[in-house]
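Have a look at the structure below before the remarks.
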Amino acid sequence: MVLVYRSTMPTRLFHTSEVEHRYIGESPIKTLLYLFEEQKVRVLLAFIFFCIKHSPTWVIPLLTANTIDVIASHKSLSRLGINIAILIVVTIQNWPMNLLYVKFQSKAIREVENRLRSALVERMQQLTMGFYLKSNAGVLQTKIVRDVENIEQMVRSLSDGGSTAINGVVGAILITAIKVPLFLPFFLVLAPLIAIFISKLRFKLRSRNEEFRGEIEEMSARVNEMTTLMPITRAHGLEQSALQTMYDSFGNVKRAGLRLDIFNAKFNALAWVTFQLANILCLGVASYCALKGKFGVTIGDVVLLTSFFGQLIGSVILLSSLMPQIAKGFASIRSLGEVLESPDVEANANKPQMPSVGGAVNFSNVSYKYPSAPRNAIENISLVAKPGQMIALVGPSGSGKSTFINLVIGFLRPQKGEISIDGHDLSKFDLRTYRRHISVVPQESVLFEGSVRDNVTYGMGSVPDKKVTDALIAANALEFVIELPEGVDTLVGERGARISGGQKQRLAIARALIRDPRILILDEATSALDSQSESTIQIALETLMKNRTTFVVAHRLSTVRKADIILVLDKGVLVEQGVHADLVSAGGLYQQLFEAQTFRND
Ligand SMILES: Nc1ncnc2c1ncn2[C@@H]1O[C@H](COP(=O)(O)OP(=O)(O)OP(=O)(O)O)[C@@H](O)[C@H]1O
Ligand SMILES: [Mg+2]
């Protein structure tokens, strides 16, 4: 049987390999060059249009100086007319050329912005679940939204400011070399001084920006936490302590931001004062030369020299004022590197697909230890599950049931031992293709914003109504769904209709069932249901479990009585294994758990 969602799976799943292979967060310049490589034609055109539109800044002083000399030396009126006519033309072209510049610049930047965001989400879909155990959702959101925006803004100001500066410096040096070559050394001495000045401050700016970004990420994590914890916080009257955590985080952002601002201000002010002084010096020297008739400097030359020197200084100030934004953008490039370069990727590339799954699941001497944990969460477990069998996992809280389930799904890779599916080593396959044959009903089901139908058929494309209804019936969910205002088309999820935990769980079961999986995983799937609903679902589940291997985690032992194999875990160790009738009389942990529950009349 060909499942609808299988046939609609996009053939080109991921295309980030190009981005991730050459993205080097620690070399932001290299990374930027690489990111804009595909945009080089647009970048070049944008730069050309910029130079044309920006030409008035060096043409105007030149013609102004010319005009002054025409007046001072009483030359012909026609030369004056030519000067003015050129000035008008050069000024008016700015408008269309500017539009062309922005068009090409923006296309290049928006393209890269889009590509970066796509690369990030694609990478996130490839990272192991282990990565998410370590990461905070708020921080990851910040990277996609804010860091990409920072990079976009940095490139935009680099493009505007950088082009202005290049034009200013090149124009000033070139015209001076042609018109007043004797003044060129004066200009050129300053260039290296400026370079030294900027590079000295760069490193400090970097650390200030990294500190600020860290605080912003920390704040995002806290905001995320606050919103998810809201019901618990309010229910326990913990508003004040929740607020205090937020105030602390905001305070850190404020202080780091202030330190950054002050540093930026010092940087800018120092740059401005230094270079204005140099400007005054230039005016003094040029005027003195003109006054004393030295080096053939005319009145027009004084105007020309001071405006070009001003332009040179302006360019330097502009470049230095870009430094904070550049530092911020570079910090964001490094931040994205944490995701794009994370080695924590599921190694699926170039591995063979798993086109079909029979359902035999074998564990041989499997051990798993969480990186941060002192001991193994799963200790040397072996299991032979035949296709269609029901395997129940029981044991006290923290005994390793969920860890075991995550090993079956392939979210976690065992450090020791081997897990095989139909006799094939699971680690040798593309796990994404394996998981198409699995359905999971997790401990806590999540519904997204959409209709009941969308939630049940998630990722499957169009599914006939009958299949949806059948799945809802099997999950004992149809009775409440038809009561909803718009039946299966009622919106549920965050801002949709409020449905209860048990109802949510039944939709999650329907979602699992409609996929007709070979391996079904129920991690306390029925724990949110009352006994009545549970027993109804139990009957439905039993029929559905018939042809597929099912792993069930349940605290209620009534759920697991019919299991073919019951695995009893304690602190990660498989302490007992067998069927209910045998285990209940074995006098071990299972019997204890069973008696405790019968006593509680559960
Ligand atoms: N991400 C993690 N990092 C470190 N240790 C973890 C992590 N997740 C679980 N553990 C530890 O591994 C052990 C097994 O946890 P697991 O979640 O598998 O238990 P469980 O049997 O499913 O418990 P419960 O019945 O409460 O759901 C516990 O000691 C737990 O503290
Ligand atoms: Mg668990």
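Does segment 182-190 contain any residue that is free of Cβ contacts under 8 Å to residues at least 60 places away in the same chain and in contact with a helix residue (DSSP H, G or I) (Cβ under 6 Å, 6 or more places away or on another chain)?
Step one: of segment 182-190, the residues free of Cβ contacts under 8 Å to residues at least 60 places away in the same chain are 184-185, 188-189.
The next check asks that each one be in contact with a helix residue (DSSP H, G or I) (Cβ under 6 Å, 6 or more places away or on another chain); those that pass are 184.
Yes.
Looking at the structure I just gave you, is residue 570 more than 39 Å from the chain's Cα centre (by Cα), modelled with pLDDT of 85 or more and either farther than 25 Å from residue 475 by Cβ or surrounded by fewer than 16 Cβ atoms within 10 Å (Cβ to Cβ) (or both)? Against the criterion (more than 39 Å from the chain's Cα centre (by Cα), modelled with pLDDT of 85 or more and either farther than 25 Å from residue 475 by Cβ or surrounded by fewer than 16 Cβ atoms within 10 Å (Cβ to Cβ) (or both)), residue 570 does not qualify.
Restricted to segment 330-343, and to residues there that are in contact with a Leu (Cβ under 8 Å, 6 or more places away or on another chain) and crowded, with 22+ Cβ neighbours inside 10 Å, the residue that is nearest to residue 73 (Cα to Cα) is 333.
Results for (1) of a type in the set (Lys, Arg); (2) within 17 Å of residue 108 (Cβ to Cβ); (3) surrounded by fewer than 16 Cβ atoms within 10 Å (Cβ to Cβ); (4) at pLDDT below 65, shown as yes or no for each residue.
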residue	(1), (2), (3), (4)
2	no, no, yes, yes
19	no, yes, no, yes
46	no, yes, no, no
57	no, no, no, no
61	no, no, no, no
65	no, no, no, no
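Restricting segment 461-476 to residues that are surrounded by 18 or more Cβ atoms within 10 Å (Cβ to Cβ) and among the hydrophobic types (A, V, I, L, M, F, W, C), the residue that is nearest to ligand 1 (Cβ to nearest atom) is 475.
Of the residues 269, 278, 290, 286, which single one is over 19 Å from residue 186 (Cβ atoms) and either hydrophobic (A, V, I, L, M, F, W, C) or surrounded by fewer than 17 Cβ atoms within 10 Å (Cβ to Cβ) (or both)?
Numbers: 278 fails: over 19 Å from residue 186 (Cβ atoms); 290 fails: over 19 Å from residue 186 (Cβ atoms); 286 fails: over 19 Å from residue 186 (Cβ atoms).
Going through 269, 278, 290, 286 in turn, just one is over 19 Å from residue 186 (Cβ atoms) and either hydrophobic (A, V, I, L, M, F, W, C) or surrounded by fewer than 17 Cβ atoms within 10 Å (Cβ to Cβ) (or both): 269.
Here's the yes/no breakdown for (1) within 16 Å of ligand 2 (Cβ to nearest atom); (2) assigned to a strand (DSSP E or B); (3) modelled with pLDDT under 90:
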| site | (1), (2), (3) |
| --- | --- |
| 364 | no, yes, no |
| 373 | yes, no, yes |
| 408 | yes, no, no |
| 432 | no, no, yes |
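The set of residues from segment 509-564 being part of a loop (DSSP other than H, G, I, E, B), at pLDDT 75 or above and away from ligand 1 (no atom under 16 Å from the Cβ) comprises 514, 515, 516, 517, 518, 547, 548, 561, 562, 563, 564.
Being without any contact (Cβ under 8 Å) to a residue 24 or more places away in the chain and among the hydrophobic types (A, V, I, L, M, F, W, C): is that true of residue 426 here? Criteria met by residue 426. So residue 392 ticks every box in (1) of a type in the set (Gly, Ala, Ser); (2) crowded, with 22+ Cβ neighbours inside 10 Å; (3) away from ligand 2 (no atom under 16 Å from the Cβ) but one. Which box is left unticked? Every listed condition holds for residue 392 apart from (3).
With the condition being under 30 Å from the mean Cα position of the chain (by Cα), I'd like the helices (runs of 4 or more DSSP H) fully within segment 73-174 carrying at least 3 qualifying residues.
Details: elements: 77-92, 94-126, 129-134, 137-142.
The qualifying helices (runs of 4 or more DSSP H) are 94-126, 129-134, 137-142.
Against the test of being part of a helix (DSSP H, G or I) and within 30 Å of residue 25 (Cα to Cα), the options 231, 324 yield a single qualifying residue, 324. Of all residues in segment 425-457, those that are away from ligand 1 (no atom under 16 Å from the Cβ) and surrounded by 15 or more Cβ atoms within 10 Å (Cβ to Cβ) total 21.
The values are calculated or read from the model by the stated rules, or taken from the named source; none is laboratory data. Bear in mind that the values here come from a model prediction, so they are computed numbers and not experimental data. Every residue, glycine as well, gets a Cβ built from its backbone with ideal geometry; the counts of neighbours run over all protein chains shown.
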